[in-house]
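A.B. asks: Questions regarding the structure given below will be posed in turn.
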Amino acid sequence: MTWYVLKRGGAALIVMFVVSLLTFIVTRVLFPDPAQSILGGQGETVTPEQVAHLRGQLGLDRPLSVQYFHWLGDLLQGNLGRSFRTPIDVSTAIYQRLPVTIELMVLALTVAIILGMLLGIAGALFRGRIIDGVSSTVSVLALSLPNFFVAILLIYVFALKLQVLPSAGWVPLTQDIGQNLKFMLLPAVTLSLAYIGTFARYARALMIGVLSEDYVLRAHASGLSPRSVIVRHAMKNTSIPMVTVVGLNAAGLVGGAVVTESIFSLPGLGTLFTDSILGKDFPMLQGLILVITIGVVVLNLLVDLAYGLLDPRIKVS
Amino acid sequence: MATLAQTRLTRSRTPVRPRVWSTVWAYPRLTVGIALLALLLVVTLGAPLFVSHGPLEQNLSAVLHLPFGNYLLGTDQLGRDVFSRTLYGGRLALAVAVVSTVIALIIGVALGLLSGYKAGMVDSVVMRVLDGVIVFPDLILALSITYAVGPSFWTVAAAIATVNVPKFARVVRGQVLSLREREFIASARVAGVSTIRILLRHLLPNVVEVIVVQAALTAGTAIFTAASLSFLGLGLPAPQPDWGGMLKDGYAYLGSRPLMSIIPGLMIFAAMLAFNLLGDGLRDRFDPKVIARTARVRAGRREKGATDEQ
């Protein structure tokens, strides 16, 4: 197990290094000069001297490689820099917004896993019959529905017509759970829909695989009721690989959260990201992109490790 | 194998039906996907035939016009025909999807072939970099690149291509890793065939199927990512109509003019569905297991002795 952990951990570290490099390339090499946009945003005429002065202050006049290693050094000390727009540390801003995004993702994942697995397993159990057809059709429709369109339909029906749920706003979970869930319900459903379809497909394929395994045949032969074969043996063995499916979809889920949050005005990382893009706040962008992608890498690492624990065969190979 | 032989016998006894129809029947997802895509192509490319107002034509005396009457689906906040913009908007969406998919395909397939065939150092370096790209959420990477370089058709297409390169590279590499151990590749190598030639003439033809399936699925997600960018206000620049941007504009008038956002939303949905069904359908079509099974189903149906084939 130690060897397995080391191997996976090492690979994750390399990926994180690549991620930091890519983040730097996108935010510093591709982006227009932040000094220009900071000064330009103040609505005064800007002299080249002012730009040069600010570039010197921000360390933007040094070679890019020096800037990169300087930035990396700060990162390793947990220093993500300060926002350009508001007098706040990037890490503080991210820390404040993180719980909203995590809650949204957990809620959406819970809905998606439960409904997706039910849908997929139903398809597998009634393979080739009408239920399977309905299940596959629902899956492909669900995963072809763009999240922003789902959000707009839900807002139209539940917020504007029926007026039973709010279309925007947020209350902290710690303040009032009921109110919080009321605000979170539509966003969570929006985000979950595509993943219901995705998870249903994986669950169906996995369940079909499991049902043809010898141990399922043996369970049937030993006189267990079909119900307990399915629940105790087949479903259990379908659930374990589903853990990796969740990991594989983590990146997409964060992307979905960005759109969902901005539609429902939830104060999470997604809205912070879109605000920072529009506000040309590049330290915030760097920090956000890095935290999000490293979050995805760490999640995948945890999934790999959990999978290794749940299924001992993996460690050996 | 016996069932396949049996199928052939059965087929020769039944009246000959055109092959096309049996394929249509055997692969419903492929059929629906192709039909939907064809429909979208006809209405978007043939847009001038269906509309009576240009997509950019403003009529400020008919702002937010209700549907029907002079405007089939009403007008937007600038008095532009929603129906016309919807049809023309599809051109841009499909163009972005096709262009970005082709770019991602060429780069991704090249990297996948090279990485899978060369193995060793080349493979490690290429795959680690692509691992780094793939952990970026599509939308976040595409959004950052588009914004950094400045939104235009080509930046949006290039940004979406970038996020999709690793997907092509991974599926191709996976196939090549097993193909390179096969005898025909080994013998080509021994016979002194150049690496380029082995990659393009020996390996590439054997991975075409996975590439085609991946391309269809990628085009679907490209439509989605492009629309998401526009929806967030960072996609294709105005005033050219595009579905994501129309949805965003319409959202402000959701209470009074719901069609302004629902119609483009439905179009994005239809396009994504068309590509997803096409991808699934092609995968079924290329999958030997499914081919054998549908052959059995067909044989079974004709003999009226069909039991549950699974």
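The values are calculated or read from the model by the stated rules, or taken from the named source; none is laboratory data. Computed from a predicted model, the values in this text were never measured in an experiment. As a convention, Cβ positions derive from the backbone with ideal geometry for all residues, glycine included, and neighbour counts pool all protein chains shown. Only protein heavy atoms, including side chains, enter the accessible area calculation; ligands, DNA and RNA are left aside. Shrake-Rupley method; radii C 1.70, N 1.55, O 1.52, S 1.80 Å.
Okay, residues lined up against (1) without any contact (Cβ under 8 Å) to a residue 24 or more places away in the chain; (2) open to solvent by less than 50 Å² (accessible area, probe 1.4 Å); (3) more than 22 Å from the chain's Cα centre (by Cα); (4) over 29 Å from B:MET267 (Cα atoms):
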| position | (1), (2), (3), (4) |
| --- | --- |
| A:ALA122 | yes, yes, yes, yes |
| A:GLY133 | yes, yes, yes, no |
| A:LEU143 | no, yes, no, no |
| A:VAL157 | yes, no, yes, no |
| A:PRO187 | no, yes, no, no |
| A:TYR195 | no, yes, no, no |
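A.B. asks: Can I ask one more? Starting from residues that are among the polar types (S, T, N, Q) and more than 8 Å from every other protein chain (Cβ to nearest Cβ), keep the ones in segment A:253-294 and report whichever is most open to solvent (accessible area, probe 1.4 Å). If you could, list the steps in order and put the result at the bottom.
C.D. replies: If we filter segment A:253-294 for residues that are among the polar types (S, T, N, Q), which is where we start, we get A:260, A:262, A:265, A:271, A:274, A:276, A:286, A:293.
Keeping just the survivors that are more than 8 Å from every other protein chain (Cβ to nearest Cβ) gives A:260, A:265, A:271, A:276, A:286.
Working: A:THR260: 1, A:SER265: 63, A:THR271: 18, A:SER276: 0, A:GLN286: 11 Å².
Of everything passing the filter in segment A:253-294, A:SER265 is most open to solvent (accessible area, probe 1.4 Å).
A.B. asks: Do the conditions hold for A:GLY247, that is, is it within 14 Å of chain B (Cβ to nearest Cβ), surrounded by 17 or more Cβ atoms within 10 Å (Cβ to Cβ), at pLDDT 85 or above and within 13 Å of the chain's Cα centre (by Cα)?
C.D. replies: Working: within 14 Å of chain B (Cβ to nearest Cβ): yes; surrounded by 17 or more Cβ atoms within 10 Å (Cβ to Cβ): yes; at pLDDT 85 or above: no; within 13 Å of the chain's Cα centre (by Cα): yes.
For A:GLY247, the condition - within 14 Å of chain B (Cβ to nearest Cβ), surrounded by 17 or more Cβ atoms within 10 Å (Cβ to Cβ), at pLDDT 85 or above and within 13 Å of the chain's Cα centre (by Cα) - is not met.
A.B. asks: While we're looking at this one, here's another question. For A:ALA112, state whether it is crowded, with 16+ Cβ neighbours inside 10 Å, over 24 Å from B:PHE269 (Cα atoms) and of a type in the set (Gly, Ala, Ser). Steps first, answer last, please.
C.D. replies: Details: crowded, with 16+ Cβ neighbours inside 10 Å: yes; over 24 Å from B:PHE269 (Cα atoms): no; of a type in the set (Gly, Ala, Ser): yes.
Against the criterion (crowded, with 16+ Cβ neighbours inside 10 Å, over 24 Å from B:PHE269 (Cα atoms) and of a type in the set (Gly, Ala, Ser)), A:ALA112 does not qualify.
A.B. asks: Please work out which one of (1) touching a helix residue (DSSP H, G or I) at 6+ places or on another chain (Cβ under 9 Å); (2) in a helix (DSSP H, G or I); (3) surrounded by fewer than 17 Cβ atoms within 10 Å (Cβ to Cβ) is the condition B:GLN77 fails and give its number.
C.D. replies: Just one mismatch for B:GLN77, condition (2).
A.B. asks: In segment B:30-58, how many are open to solvent by 90 Å² or more (accessible area, probe 1.4 Å) and modelled with pLDDT under 80?
C.D. replies: Total satisfying the criteria: 5.
Yes/no matrix, rows are residues, columns are (1) open to solvent by 10 Å² or more (accessible area, probe 1.4 Å); (2) among the acidic types (Asp, Glu); (3) within 14 Å of chain A (Cβ to nearest Cβ):
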site: B:ASP81; (1), (2), (3): no, yes, no
site: B:ILE145; (1), (2), (3): yes, no, yes
site: B:ALA161; (1), (2), (3): no, no, no
site: B:PRO166; (1), (2), (3): no, no, yes
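A.B. asks: I've got another one for you. Looking at segment A:298-307, is at least one residue among the hydroxyl-bearing types (Ser, Thr, Tyr), crowded, with 18+ Cβ neighbours inside 10 Å and assigned by TED's automatic domain parsing to the domain that holds A:PRO166?
C.D. replies: Going residue by residue through segment A:298-307, those that are among the hydroxyl-bearing types (Ser, Thr, Tyr) are A:307.
Subset that is crowded, with 18+ Cβ neighbours inside 10 Å: none.
So far as segment A:298-307 goes, no, none of its residues is among the hydroxyl-bearing types (Ser, Thr, Tyr), crowded, with 18+ Cβ neighbours inside 10 Å and assigned by TED's automatic domain parsing to the domain that holds A:PRO166.
A.B. asks: Note down all Cβ pairs under 7 Å where the first residue falls in segment B:222-250 and is on the phi > 0 side of the Ramachandran plot, the second is open to solvent by 10 Å² or more (accessible area, probe 1.4 Å) and of a type in the set (S, T, N, Q), and they're at least six residues apart or on different chains.
C.D. replies: Note: no pairs meet the criteria.
A.B. asks: In segment A:159-182, how many residues are over 26 Å from the mean Cα position of the chain (by Cα) and over 16 Å from B:TYR251 (Cβ atoms)?
C.D. replies: Number satisfying all stated conditions: 3.
A.B. asks: Could you look through segment A:87-109, keep only residues that are surrounded by fewer than 17 Cβ atoms within 10 Å (Cβ to Cβ) and out of contact with any Gly (no Cβ under 9 Å at 6 or more places or on another chain), and pick out the one that is farthest from A:THR260 (Cα to Cα)?
C.D. replies: A:PRO87
A.B. asks: For the list (1) under 25 Å from B:PRO239 (Cα atoms); (2) within 14 Å of chain A (Cβ to nearest Cβ); (3) in contact with a Ser or Thr (Cβ under 8 Å, 6 or more places away or on another chain), I need the number of the one condition that B:GLY90 fails.
C.D. replies: With respect to (1) under 25 Å from B:PRO239 (Cα atoms); (2) within 14 Å of chain A (Cβ to nearest Cβ); (3) in contact with a Ser or Thr (Cβ under 8 Å, 6 or more places away or on another chain), B:GLY90 is out only on (2).
A.B. asks: Consider A:SER167 carefully, then state whether it is within 14 Å of chain B (Cβ to nearest Cβ) and surrounded by 15 or more Cβ atoms within 10 Å (Cβ to Cβ). Steps first, answer last, please.
C.D. replies: Values: within 14 Å of chain B (Cβ to nearest Cβ): yes; surrounded by 15 or more Cβ atoms within 10 Å (Cβ to Cβ): yes.
Yes, satisfied.
A.B. asks: Quick check on segment B:112-145: of everything there that is under 21 Å from the mean Cα position of the chain (by Cα) and either of a type in the set (Ser, Thr, Tyr) or outside any helix (DSSP H, G or I) (or both), which residue is nearest to A:THR271 (Cα to Cα)?
C.D. replies: Restricting to residues being under 21 Å from the mean Cα position of the chain (by Cα) and either of a type in the set (Ser, Thr, Tyr) or outside any helix (DSSP H, G or I) (or both), the top hit is B:PRO137.
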